[in-house]
Structures are given as C-alpha cells and as structure tokens.
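Structure, as structure tokens:
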Amino acid sequence: MKQNPIDISHESVKTVITYGTFDMFHIGHLNLLKRLSERGDRLIVGVSTDEFNLLKGKKTLIPYDQRAKIVEAIDCVDLVIPENDWEQKVRDVQEYNVVTFAIGEDWKGEFDFLQEHCEVLYLERTKDISTTDLKRSLKRFLSIPHEDLIKAFEVLELLRRDLE
Ligand code: C2G
C-alpha cells in the first residue's frame, strides 16, 4: 500500500487493474506489479480466492487471506480486491473507472473482450521463474529420503568446519 495514497475521486486518476493468484510470491509477480503501477496513478489487484482457483484447476500452497495481505503490502499496490469469478472483470472496470487492464502474456487474447471498456495489455513475463517451478523444486527437495538429507547436512557441516 502506498505511503501517501492519491485522491482517487479526481476524474483524471489513471486506474490500472490486474488479476492473479500470486501463490508463493516471487520476483516475476513483483516485476509485473511494478511495471503496471508505472502505467497509471492507481493500481488495483484482484487476487484469486481459493474457491475460484479450484474452478481454475489450481490448488495454492498459500491461502487467499495471506496472498492478499502479501500483495497489499507491496508499495506500488493501491487496492486489493478478491477475484471470485471470470465475469467480475467488466463490473470491476466500470466500478473502479479503470483505464487499463493488464496481465501477463500467458493470457494473450483471453481478455480482449474488455477492449470495449478499457485498454487491454499483455505484458512479457519474467523469464525462468514461476510458482509451478518453485513447487516442483520444493517437491523434489521434500522427496529426498530423510537419511540422505541428514548425510548431506553432515557433509556440509564438515565442509563448513574445514573452511573455518
Ligand atoms: N507472471 C509474470 N512472470 C512470471 C510469472 C508470473 O509476469 N515469471 C505474471 C502472470 O503472467 C500473471 C501474474 O504474474 O499476470 C500472476 O500470475 P499467477 O499468480 O500465475 O496468476 P494466474 O493464476 O494466471 O491468474 O483472471 C486471471 C487470473 O486470475 C490470472
């Protein structure tokens, strides 16, 4: 949330909106939000609820209320709203007087229907980072047999002592 929030009643305020799950928040998410906030005066982020993610076929590691709090704490974000369904975008664009809807290029073309209400942008994603990859690495890490992990830490400990 910005330190000194702007007066949103002013009709010239350029409002930008985006939507996402933001599970295991990472640099790709941060880069996108920063780039979006530079495109307007106010940035609104719709964070997908856990129920909506199930509809999307996504199961998150971090529950909605925590994901929303994390996004809300990002300095360039002005407002976080829950994303409950696919249909709410037109309503949100009108209710918040949105000038620009933007999202990552992995959704290219999916939201062109919003063009009759506002500008629609698809932005390049940050390379080599995704929640899916993070989950895969975590799963691999957690699948390492316990005794192997212990051995690995013992070796690391010996190395550390050697380096002291
Ligand atoms: N993103 C990015 N670079 C990455 C990973 C993600 O720019 N390396 C962007 C995505 O393109 C998206 C946003 O970060 O715009 C959030 O990504 P997700 O949490 O994966 O969002 P998603 O589940 O795709 O939800 O109604 C639209 C949906 O809510 C989008």
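Using r as the Cβ-Cβ distance of PHE141 and GLU119, and R0 as 35 Å, what FRET efficiency do you calculate, to the nearest 0.05? The partial results should precede the final answer.
On the way: r = 42 Å, r/R0 = 1.19.
Once rounded, the FRET efficiency stands at 0.25.
Do the sum for the chain: with -39,500 (n - 2.57) for every DSSP H run of n ≥ 4, divided by all residues, what is the mean residue ellipticity at 222 nm, to the nearest 500 deg cm²/dmol? Let's see the in-between values first.
Details: 6 runs with 64 residues, N = 164.
So the helix-based figure for the chain works out to -11500 deg cm²/dmol.
Output the relative contact order of the chain, whole-number percent, from Cα pairs under 8 angstrom with separation of 6+ residues. Could the numbers behind the result be given before it?
Numbers: 214 pairs, mean separation 41.8, N = 164.
RCO, the chain: 25 percent.
Which one, LEU163, GLY20, LEU32, projects farthest toward the positive side of the charge dipole computed for the chain from Cβ point charges (K/R +1, D/E -1)?
With unit charges placed on the Cβ atoms, the residue in question is LEU163.
Working from the alpha-carbon coordinates of region 11-164, get Rg over Rh, Rh being the Kirkwood radius.
My calculation of the ratio gives 1.12.
Output the 0 to 90 degree angle, nearest 10, between the alpha-carbon long axis of helix 27-37 and the longest principal axis computed from the alpha carbons of the chain.
Result, in degrees: 20.
Which percent of the accessible heavy-atom area of the chain goes to carbon and sulfur, probe 1.4 angstrom?
Using a 1.4 Å probe with all protein chains present, the chain comes out at 56 percent carbon and sulfur.
Just tell me which lysines come within less than 27 Å, Cα to Cα, of LYS59; anything on the same chain fewer than 8 places away is out.
LYS59 reaches LYS34, LYS69, LYS89, LYS108, LYS127, LYS135, LYS139.
What residue among LYS151, LYS139, LYS56 shows peak mean-square fluctuation when the chain is described by a Gaussian network model with Cα springs under 10 Å?
For the chain, modelled as a Gaussian network with Cα springs under 10 Å, the answer is LYS151.
The values are calculated or read from the model by the stated rules, or taken from the named source; none is laboratory data. Every value quoted in this text rests on a predicted model; they were computed, and no experiment measured them. Glycine also receives a Cβ, built like all others from the backbone with ideal geometry; neighbour counts cover every protein chain displayed. Surface accessibility is based on the protein's heavy atoms, side chains included, excluding ligands, DNA and RNA. Shrake-Rupley method; radii C 1.70, N 1.55, O 1.52, S 1.80 Å.
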